[in-house]
Amino acid sequence: KQIEKVKIIERAFTPAVDFKDLKGRDKDLEKFLAPQHYALSTLKENLSFSSTIFRHSLRLTITIILGLAVGEIFPLQNVYWILLTIIVIMRPGYGLTKQRSYQRIVGTVTGGIIAFIFLTFVHHPVIIGTLAIVCMILGFTFTAINYRIGATFVTIYVVFVYGLLNPNISEVIQYRILDTVVGAGLAFIANYFFWPSWEFLNLPAVIKKSIEANRDYLAEISRFYNEKGAVTTPYRIARKNAFIEIGNLMSSYQRMTQEPKSKQKQQQQVYKLAVLNHTLLSSLASLGTYIQSHKTTKASEAFNVVVSTVNKNLEHAIGLLNTDLPDELDNTEVREELAMRFTELRNIRARELKEGHITAEEEFRLKMQEAQLVIEQLVWLNSLSEKIVKATKQLSLTK
């Protein structure tokens with residue numbers, strides 16, 4: 001009995017999981033998180049005019065000084081409303097600043113009208129104070145979801161609070177709207193004239209990162225299909241990066257469409273490349289999901305040849321974006337090689353029947369299903385990679 005008690009105590013104090021394993025797992029999980037600290041080198045890299053953040057900081061500082069000057073020159077009631085508007089809506093990109101300026105002005109005007117109509121008929125301080133608290137909560141809630149609605153509720157809240165202190169509420173609304181328009185106008189003008197950051201200048205780098213991420217994701221899928229086993233951390237990271245980069249590309253294109261027409265250069269080609277990269281990623285994700293969720297056969301040499309060809313096409317596109325033009329691919333030899341490999345893949349069923357390696361009908365059916373799905377995805381991936389190269393060439397020629 002004493003020995004049993006000692007064993008129970010030993011089990012109670014013995015960790016069920018090896019802490020070394022947990023530590024290793026935590027290190028893998030840390031790779032999926034954005035770093036919470038920044039090295040000194042990051043600050044040094046941004047202390048130049050080539051940095052978008054540096055130009056935005058300088059632009060914001062100058063605009064705030066201009067806002068103070070306007071407040072001193074003209075008889076405005078609350079100059080800090082101008083400064084607050086500038087700080088809140090000004091963004092590094094022209095498109096985002098334009099969008100937030102519009103949302104801020106519309107929200108402020110709408111909120112001012114609603115508050116004025118309400119205070120015209122309601123004068124009870126308890127009701128006004130209660131609604132002010134509710135509008136404050138709603139304003140901060142909607143600011144991150146829908147900035148226009150958030151600005152509307154914040155304006156109603158501010159007017160209600162001033163309505164409790166100052167009976168001349170129309171003057172408060174007038175200055176609130178005027179200060180907002182002045183602040184938004186200064187931010188809009190500054191983003192256009194003071195070292196603007198146009199999206200078309202950054203798009204080649206964004207497209208390049210998206211193609212590189214898709215290339216890395218394809219490499220991990222090929223490695224997983226050849227080696228089998230459990231899904232590795234590099235595979236997950238490659239998949240995560242591919243989706244992040246395609247999201248960045250779509251966002252960059254959307255911001256470009258909000259800029260002046262004269263700055264929407266190569267819009268059709270950029271849109272075409274964005275769609276092709278997104279379609280390529282969808283096809284890769286489909287292939288990767290199938291390989292993960294099904295017991296697959298050994299990868300054939302033809303599979304690796306086709307994957308290598310797709311990878312070469314993506315490398316070619318990256319070289320074009322780097323303006324470091326590689327030698328043209330020998331399309332004749334490549335197409336002949338691919339035709340032979342696709343024919344080899346499509347003959348899997350006949351070869352399996354002839355050799356008689358598969359006896360169970362269900363097992364045979366599943367393997368033929370795998371072969372057909374993989375073939376279709378490979379054909380589609382090769383076609384997409386060729387289209388990406390062609391679109392990248394057209395983009396490079398129009399620079």
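Computed from the coordinates by the stated procedures, all read-outs in this text should not be read as laboratory data. All figures in this text were calculated on a predicted structure; none of them were measured in a lab. Using ideal geometry, Cβ is built from the backbone for each residue, glycine included, and neighbour counts are taken over all protein chains shown.
Taken as Cα centroids, segment 224-243 and segment 168-208 sit 42 Å apart, rounded to the nearest whole angstrom. Could you pull out which residues in segment 102-131 have an amide N less than 19 Å from a spot 7 Å beyond the Cα of residue 165, following the Cα-Cβ vector? Counting only backbone N, you get 112, 115-116, 119, 124-131.
Stokes-Einstein, applied to the Kirkwood radius of segment 212-296 over Cα pairs at a viscosity of 1.306 mPa s and 10 °C, places its translational diffusion at 112 µm² s⁻¹. Please sort by residue number the trypsin sites (Lys or Arg not before Pro) in segment 218-267 whose DSSP state is loop and whose Cβ has at most 13 other Cβ atoms within 10 Å. Sites meeting the loop and neighbour criteria: 228. Taking the inverse of the mean reciprocal distance over all distinct Cα pairs, the Kirkwood hydrodynamic radius of segment 156-295 comes to 19.0 Å. Measuring how big segment 46-205 is from its alpha-carbon positions, Rg and Dmax come out at 17.5, 59 Å. When the pairs 265/312; 272/387; 44/265; 209/312 are compared against a 21 Å limit on Cα-Cα distance, 265/312; 44/265 fall above it.
Fewest-first ordering of 278, 56 by other beta carbons within 10 Å of each residue's beta carbon gives 278, 56. Charges were assigned to the Cβ only: +1 to each Lys and Arg, -1 to each Asp and Glu. The resulting dipole of segment 52-193 about its Cα centre is roughly 520 debye.
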